[in-house]
Amino acid sequence: MATGFIYDELYLSHNTGPSHPERPDRLRAVTMALQETGLMDDMVKYAPRPASKEDVARVHDERYVQRVFELCAEGKPWIDTVDCPICPESYDAALLAAGGVMTGCDKVLSGEVTNAFCAVRPPGHHAEHDKAMGFCLFNNVAVAAEYLRHEHGLERIAIIDFDVHHANGTQHSFEERDDILVISLHEHPQFLYPGTGYEHETGSRAGDGYTLNVPMLPHSDDDTYKQAFDEKVLPKIEQFKPQFMLVSTGFDPVREDPLAHINLTCEYIGTMTAQLADTAREHCESRMVSVLEGGYHLESVVGCTITHGTALLEAE
Ligand SMILES: [Zn+2]
């Protein structure tokens, strides 16, 4: 068995301007890291297919989807907030980003590969039901979870998000449901965007107990993360017994990242990945798809891609 890699050059065409941290060079760093280390040779490369409007509308308001289409086509510079720049290609790139995760899910479910890494942009986890937020247009991981639910009939899907920012959009998509567990490990909302993701946000109605937020204090390091991971994150997944795991992978909790204040090493990103892969092996036949979210320091993106990719390849 092997690891799938989902990527397309169209992801580079989402132009965010000269000084935006969420830039095409991030994905160039990912592919370069995999090529130069030879890891790419061990992965099975797949071209993503675009998500349809209907796929995206399982998560987002149809009027919002239409609005993204129109504002991109009109050549508007940004949508909803100035930190969400768009260009004419952004709509197609965003559909291909969400669809890329769906492609990864298909390849894992068909048994062609054990797990998959989707190197996509624009990222997705801040995107809300009816608005763009935090560099994100469509919530890629949420669209894929709904796809697994509706098109593949899975009943228990776990989303684990270790990007340094709270997975607000993902949480809000599923916080009233008990079929999709959302775990977000992030820098404490008192100190970092988007200001949500407190421990007391645990879901509501049928979803009470199916949202887990693990806020981490600034300057947390590998040891503090390991403790939180072992004591909170892994037991929650084990208790839920998912049939499939989706991982929102952020390379921004590392020390060098300019957007946050968490001090992980790139090695630890690999350790977390390996622990998640072990849990996936135990509960869901190793079925796990990793989706790139943030990560803005290019050398660290290279370092984390190597440790993350190695851990995925080493998973049985
Ligand atoms: Zn982030």
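The values are calculated or read from the model by the stated rules, or taken from the named source; none is laboratory data. From a predicted model like this one, the values you see are computed outputs, not experimental measurements. Methodologically, a virtual Cβ is constructed for each residue, glycine included, from the backbone with ideal geometry; neighbour enumeration extends over all protein chains shown.
A few points about this structure:
- Elements of type strands (runs of 3 or more DSSP E) contained in segment 78-175, each with 1 or more residues being among the small types (Gly, Ala, Ser): 115-118, 157-161
- Where a residue in segment 241-269 is at positive phi and its partner, wherever it lies, is away from the ligand (no atom under 16 Å from the Cβ) and outside any loop (DSSP other than H, G, I, E, B), with Cβ under 8 Å and at least six apart: Lys241/His283
- Of the residues making up segment 289-312, those that are within 15 Å of the chain's Cα centre (by Cα), among the small types (Gly, Ala, Ser) and not in a strand (DSSP E or B) are Gly294, Gly295, Gly309.
- The helices (runs of 4 or more DSSP H) found entirely in segment 14-70 that carry 3 or more residues being modelled with pLDDT of 95 or more and closer than 18 Å to Leu312 by Cβ are 25-36, 39-42.
- Criterion violated by Ser248 - all others in (1) within 17 Å of the chain's Cα centre (by Cα); (2) in a helix (DSSP H, G or I); (3) under 15 Å from His308 (Cα atoms) satisfied: (2)
- The residue pairs whose first member lies in segment 109-132 and is acidic (Asp, Glu), whose second member is surrounded by fewer than 24 Cβ atoms within 10 Å (Cβ to Cβ) and assigned to a loop (DSSP other than H, G, I, E, B), and whose beta carbons are closer than 6 Å, counting only pairs six or more residues apart or on different chains, are Asp130/Asp61.
- Residue count for segment 237-267, restricted to those that are surrounded by fewer than 22 Cβ atoms within 10 Å (Cβ to Cβ), among the hydrophobic types (A, V, I, L, M, F, W, C) and either within 13 Å of the ligand (Cβ to nearest atom) or within 21 Å of Ser19 (Cα to Cα) (or both): 1
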